[in-house]
Amino acid sequence: KALDQADVVIHDRLVSREVLELARREAVFVDVGKEGFGPSTSQEAINALIVEHAANGAHVIRLKSGDPGIFGRLEEEIIALRAAAIDFEIIPGVTTASAAAAAAMIPLTRRLTARRLQFVTGHDIAGVLPQDLNMAALADPQATTVVYMPKRTFASLAELLIQNGLPKTTPALLAESISTPEQYLQRTTVLTLA
């Protein structure tokens, strides 16, 4: 419904063509997709685009794949909109963790063995494993840990998790391109995945 009212759709690389086709035909589409270690539009430029179009009276949709509140840089965009005194609404999406669990037909929590669910980023703004991760919490075998964007850092993270007591045989699921025709799931262990 929101897309059907959009004048401008500022979207990420991971938003499918099928979703973009829900916008009205007259809308202007601006691709601001980011790719790790690849060509990217800076967050400052994205913020400026959103503010510029909205300040000019356009109904702007900032469209992200997944939930914008989970590692989606939503905070920076909120700050820019508030600084420009522009009203906005946040429409939550389905985060990759939930979509991947559904695709794999597994729960993220279990009453007896996974009473906590934790999301963690696999890289910081420099693209490396964050140094301030709480390894004791992440290595807790009674928690389900979802690691977002860990492609380049997972081997290091797994080594630290194992050093902090997580069994090497802990089940792990690799999930890529979830909810797209290229969706890929691989069930393995933490050690094998690393």
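The values are calculated or read from the model by the stated rules, or taken from the named source; none is laboratory data. Here the structure is a predicted model, which means the values were calculated and not measured. Backbone-built Cβ (ideal geometry, glycine too); neighbour counts: all protein chains shown. With ligands, DNA and RNA removed, areas are computed over all heavy atoms of the protein, side chains included. Shrake-Rupley method; radii C 1.70, N 1.55, O 1.52, S 1.80 Å.
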Loop-only check: which GluC sites (Glu not before Pro) in the range 41-95 are DSSP coil with at most 12 other Cβ within 10 angstrom? GLU89
When we measure straight from the Cα of LYS64, which lysines land under 25 angstrom away, once same-chain ones fewer than 8 places off are left out? LYS1, LYS34, LYS151
The range 1-99: relative contact order as a whole-number percent, Cα under 8 Å and 6+ apart: 30
Would you please calculate the Kirkwood hydrodynamic radius of the range 28-129 over all C-alpha pairs and express it in Å, rounded to one decimal? 16.0
Descending principal axes extents, the chain, alpha-carbon based, whole Å: 55, 32, 32
Quick calc: nm separation of the 7 Å Cα→Cβ label points for ALA136 and PHE88 -> 3.7
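Just the ratio, please: alpha-carbon radius of gyration of the range 136-194 over 2.2 N^0.38 Å, N its number of residues. Could you put the intermediate results ahead of the total?
On the way: Rg = 11.8 Å, N = 59, 2.2 N^0.38 = 10.4 Å.
In units of the 2.2 N^0.38 Å rule of thumb, it is 1.14.
Put LEU129, LEU49 in order of accessible area, largest first, 1.4 Å probe: what do you get? Intermediate values should be presented prior to the final figure.
Values: LEU129 15, LEU49 45 Å².
Solvent-accessible surface, decreasing: LEU49, LEU129.
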Over all directions, the average projected area of the alpha-carbon convex hull for the range 81-194 comes to how many nm²? 9.4
Using a 1.4 Å probe on the protein heavy atoms only, what accessible surface does THR180 show? Give it in Å² to the nearest 10. 40
